[in-house]
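The values are calculated or read from the model by the stated rules, or taken from the named source; none is laboratory data. Note that the structure is a prediction, hence the values are computed from the model and not measured. Here the Cβ positions follow ideal geometry from the backbone for every residue, glycine too, while neighbour counts run over all protein chains shown.
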Amino acid sequence: MRFDRNNYGSRIRNLRKNHGLTQEQLAEKMNVSTPYIAKIENGKQTGPVELAVEFAEFFAVSLDYLLMGKGDFAEDQKHRLRMAISLLTELEASL
């Protein structure tokens, strides 16, 4: 398996849209320009690895998923939600 910049861009686009963000809003959060985000989403550019790490952290996905499409994004999100619910339940019980 090898890195495909078009698939990488598509995953970023889908994550952005799933979070209800415009390209402009994502660019502002990542401290880059809107045309730069557009180039990444269209597979014209990838950016530095540091930006990929920021995307992964911001969208709460693994680098494996973001860069290579590996892993089950939905299962990862379910796991994170279960953890959050568990922590909230524990917090409510302690109050």
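The figures follow:
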read-out	value
Candidates LYS44, LYS29, filtered to the one that is among the charged types (D, E, K, R), in contact with a helix residue (DSSP H, G or I) (Cβ under 9 Å, 6 or more places away or on another chain) and over 25 Å from ARG80 (Cβ atoms)	LYS44
Residue selected from the range 1-53 under the condition of a type in the set (Val, Ile, Thr) and farther than 18 Å from LEU63 by Cα, by the criterion surrounded by the most Cβ atoms within 10 Å (Cβ to Cβ)	VAL32
Test: residue in the range 3-11 that is in contact (Cβ under 8 Å) with a residue 40 or more places away in the chain and under 11 Å from the mean Cα position of the chain (by Cα)	yes
Which listed residue is assigned to a loop (DSSP other than H, G, I, E, B) and modelled with pLDDT under 90, from LYS70, LYS44	LYS70
Failed condition for PRO35, given (1) more than 24 Å from PHE3 (Cβ to Cβ); (2) over 13 Å from the mean Cα position of the chain (by Cα)	(1)
